Amino acid sequence: MTLIAHMTDLHLRPRGLACYRVSDTNMLAERAMRSLRALNSTPDALVITGDLTDRSDPREYALARELLSRLDMPIYMIPGNHDGSADMRREMGHFPGISENSEGKIFYRADIGDVQLIALDTHLPGRPEGELGQEQLSWLDATLRDCAKPALVALHHPPALSGIAHMDRIGLTDAPALAEVIGPYNHVERLLCGHLHRPIIAGFAGKIMTLSPSTGHQVVLDLRENGPAHFNFEPAAYFLHFHSPDTGVVSHMAYVEDFPGPHDFFADEGVVWPGDET
Ligand SMILES: [Fe+2]
Ligand SMILES: [Fe+2]
């Protein structure tokens, strides 16, 4: 079996600074890492789908290196709109895949147990929207043609629209071209995305897109066309993508916070459950 954790949108800040003055993203990211370490099954890898930092500041990357060094698993990352491809390559170049291309966008393929991760870069310098570009799309097509292992395709900007208007306006500009590339490949099991800071599951090009909440603040669920861009502190979470030959890829959302329990299932006195008759 293969178990892959998917976290996103850490928005790390220089030590001591909060994000938008009220979101202590550094503490919240640390809390998320702690919950990952406390899982009863250790993931084979962690995938971080961008907005690792808030301003692509070297101090933010330094904090990311420190935080991630406490995890005992391979860590794969891609940039979001808040990071920079060149900055991430310079600051995080020792993480797998990052330095595969010496310049331009960060994209790579990696085998994790029985599945393959295809990591893509949607960062557009100075822009909140995302774009893959023709070079990356051609590489994606060739990569999917070469290897038929179950594929998880990771990219920061979700290609499917969410109905949250202010976020959809800063989405992926070349989503139709991505649909054309991945549509024919049945082994694309998941698209792993971030950027929206909400748990969202949607279909795209006949595939399943799972969008993970942020480890920090979340975007308010507001489906009005003129809904304001607001955030709140709904529960932080991440995804665990489990694969076995029997199940295929199964995606579980895992909460960062602790909740009451676990408790045993007990029948009331005098009640015998079916199957417990003996
Ligand atoms: Fe973000
Ligand atoms: Fe983003």
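The values are calculated or read from the model by the stated rules, or taken from the named source; none is laboratory data. Please read these numbers as outputs of a predicted model, since none were measured by experiment. Here the Cβ is made from the backbone with ideal geometry for all residues, glycine too, and neighbour counts use every protein chain on show. Surface accessibility is based on the protein's heavy atoms, side chains included, excluding ligands, DNA and RNA. Shrake-Rupley method; radii C 1.70, N 1.55, O 1.52, S 1.80 Å.
Note on the chain: with a GNM built from Cα contacts shorter than 10 Å, the maximum mean-square fluctuation among 262, 58, 14 falls on 262. Only DSSP H runs of four or more residues enter the estimate; each adds -39500 (n - 2.57), and after division by the residues of the chain the mean residue ellipticity at 222 nm equals -6000 deg cm²/dmol.
Against the chain, whose longest principal axis comes from its Cα atoms, helix 134-146 is set at around 50 degrees.
Running a GNM on the chain with Cα contacts under 10 Å, which residue among 69, 56, 99 ends up with the highest mean-square fluctuation? Greatest mean-square fluctuation among the candidates belongs to 69.
Heavy atoms only, probe 1.4 Å: what % of the accessible area of the stretch 2-255 goes to carbon and sulfur, would you let me know? For the stretch 2-255, the apolar C and S fraction of the accessible surface comes to 52 percent.
In a reduced charge model with +1 at each Lys and Arg Cβ and -1 at each Asp and Glu Cβ, the stretch 2-255 shows a dipole moment near 540 debye about its Cα centre. For the set 90, 13, 31, 65, solvent exposure ranked by accessible area (probe 1.4 Å, protein chains only) runs largest to smallest as 90, 65, 31, 13. In this structure residue 83 has an accessible area near 10 Å², from a 1.4 Å probe over the protein heavy atoms.
Report the far tail of the P(r) of the stretch 2-255, meaning the percent of Cα-Cα pairs longer than 22 Å. In whole percent, the share of Cα-Cα pairs in the stretch 2-255 beyond 22 Å is 50.
Among 256, 22, 220, which one moves the most in a GNM of the chain with springs linking Cα atoms closer than 10 Å? Of the options given, 22 has the highest mean-square fluctuation.
Counting only heavy atoms of the protein chains and using a 1.4 Å probe, residue 188 has close to 10 Å² of accessible surface.
Against the criterion of solvent-accessible heavy-atom surface with a 1.4 angstrom probe, 94, 157, 230 sort, most first, into 94, 230, 157. For the set 19, 147, the ranking by accessible area, highest first and with no ligand, DNA or RNA atoms included, is 147, 19 under a 1.4 Å probe. Only protein heavy atoms count here; on that basis, with a 1.4 Å probe, residue 170 has an accessible area of about 40 Å². Accessible surface for the chain, divided over its residues, is 47 Å² per residue with a 1.4 Å probe.
To the nearest 10 degrees, how steeply does helix 25-37 sit against the main Cα axis of the chain, on a 0 to 90 scale? The angle comes out near 50 degrees. Overall form of the stretch 117-273: oblate. Here a/c, set by the Cα gyration tensor axes a ≥ b ≥ c, is 1.5 or more, and a/b is not larger than b/c.
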